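The structure appears below as structure tokens.
Taken together, the values in this text are just the output of simple stated rules run on the coordinates, not laboratory data. These figures come from a predicted structure and were not determined experimentally. All Cβ positions, even for glycine, are placed from backbone atoms using ideal geometry, and neighbour counts span all protein chains on display.
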Amino acid sequence: MTQDGAFKDIITERGEDGVLLIRLNRPKALNALRTRLLEEIAEALLAAGDDGDVGCVVITGDDRAFAAGADIGEMQDKTPVDVVRDPRAAHWATIRTFRKPLVAAINGFCLGGGNELAMHCDILIAGRTASFGQPEINLGIIPGAGGTQRLTAMVGKSKAMRMILSGERITAEEACAAGLVAEVCEPELTLERAMTLARVIASKAPLAVELAKEAVLAASDGLVKDGLALERKAFALLFATEDRREGVRAFLEKRPPVFTGA
Ligand code: HXC
């Protein structure tokens, strides 16, 4: 637990403009979402939910990465039972049920759990050089925080299959054309644009904004509930495979994996 808001993996900044900015702060690991980082985001959002002066939240990374996924080192020794009992699920639930708007300002890599975090946000603003992907297949696993469901809802079946089955990344322009991203701008302007938009949102009637978010989510997230549960079970099951062990080991040893089907 973080103490008294003394965050380590994130930096929060709150202005007079009703906007809370959350910066992911593990630059050396490309902002990989270790459990502590997710917990800190959840804590910051719980506080923002209770703070009447916050009308909108912006989440951003740095120039190199929004976030390159779950922390692969942390996943190394997990069993299926660990995955089922993982406290991360509660942190994701806090993010999912946050009632105020979330804007993602994305530069660089937006991959795996990082792309899933972005898809938990309500509006995605991306720098022209950002790239998006679900590369879990390279580790012998699948997305586990709603990626199979939300990506399919956002970009359609064929593009989602291409990304999830091959692990290939798409550009910001392609992500925008497909509907994953709302707007593409020059990388140096990404955060500024997201903050401007967040300030506009924060100036609106708070209850109307919350209810608008809830209604729009009912049209998207509402459709994927069964799929989310299925994805979660499949994700846990894959932690029993030798291919998952090999995939994670290969990444950490910086070599291509050799999958055997075991
Ligand atoms: C832990 C990571 C990491 C990750 C990068 N790093 N991604 N550490 N978890 N997801 C670390 C690297 O080990 C390296 O550490 C440093 O960050 C810089 O990364 P490099 O690989 O040296 O950089 P580069 O060659 O530019 O390649 C960038 C990259 C590559 C293409 C993004 O790092 C990559 O493929 N990362 C993994 C992406 C991925 O598979 N994500 C999905 C994770 S699974 P050192 O110490 O060597 O400098 C997932 C499941 C979600 O997200 C489930 C949710 C429940």
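Quick notes on this structure:
- Alpha-carbon centroids, segment 45-121 and segment 223-243: separation in whole Å: 18
- In order through segment 15-32: 3J(HN,Hα) via Karplus (6.51 cos²θ - 1.76 cosθ + 1.60), integer Hz, x for Gly, Pro: x, 7, 9, x, 10, 9, 9, 10, 9, 6, 10, 10, x, 5, 9, 6, 6, 3
- With the convex hull of the Cα atoms taken as the outline of segment 185-262, the averaged projected area works out to 9.4 nm².
- Taken about its Cα centre, the chain carries a charge dipole of about 640 debye when Lys and Arg each add +1 at the Cβ and Asp and Glu each add -1 at the Cβ.
- Straight-distance candidates among the lysines for linking to LYS157, with alpha-carbon spacing under 23 Å and chain neighbours fewer than 8 residues away dropped: LYS225, LYS233.
- Note that segment 96-105 has calculated 3J(HN,Hα) couplings of 4, 9, 5, 8, 8, x, 10, 10, 9, 10 Hz, one per residue in order, obtained from phi through the Karplus relation 6.51 cos²θ - 1.76 cosθ + 1.60 (θ = phi - 60°); glycine and proline are x.
- Given charges at beta-carbon only (K, R positive; D, E negative), |dipole| of segment 39-177 in Debye: 660
- Per residue, the convex hull volume that the Cα atoms of segment 1-146 enclose (Å³): 110
- HN-Hα J in Hz across segment 66-71 - Karplus 6.51, -1.76, 1.60, θ = phi - 60°, x for Gly and Pro: 5, 6, 8, x, 4, 6
- Amide H contacts of ILE59: ILE22, VAL103, ALA104, ALA105, each under 5 Å away and 5 or more positions distant or on a separate chain (H built 1.01 Å from N in the peptide plane; Pro and chain starts excluded).
- Rounded to 10°, Cα long-axis angle of helix 35-50 versus longest principal axis of the chain: 20
- Size descriptor for the chain, Kirkwood hydrodynamic radius: 18.5 Å (Cα pairs only, one decimal).
- Of THR97, THR152, the sequence from fewest to most neighbouring Cβ atoms within 10 angstrom is THR97, THR152.
- Counting only alpha carbon atoms, the long axis of helix 190-202 and the longest principal axis of the chain meet at about 50°.
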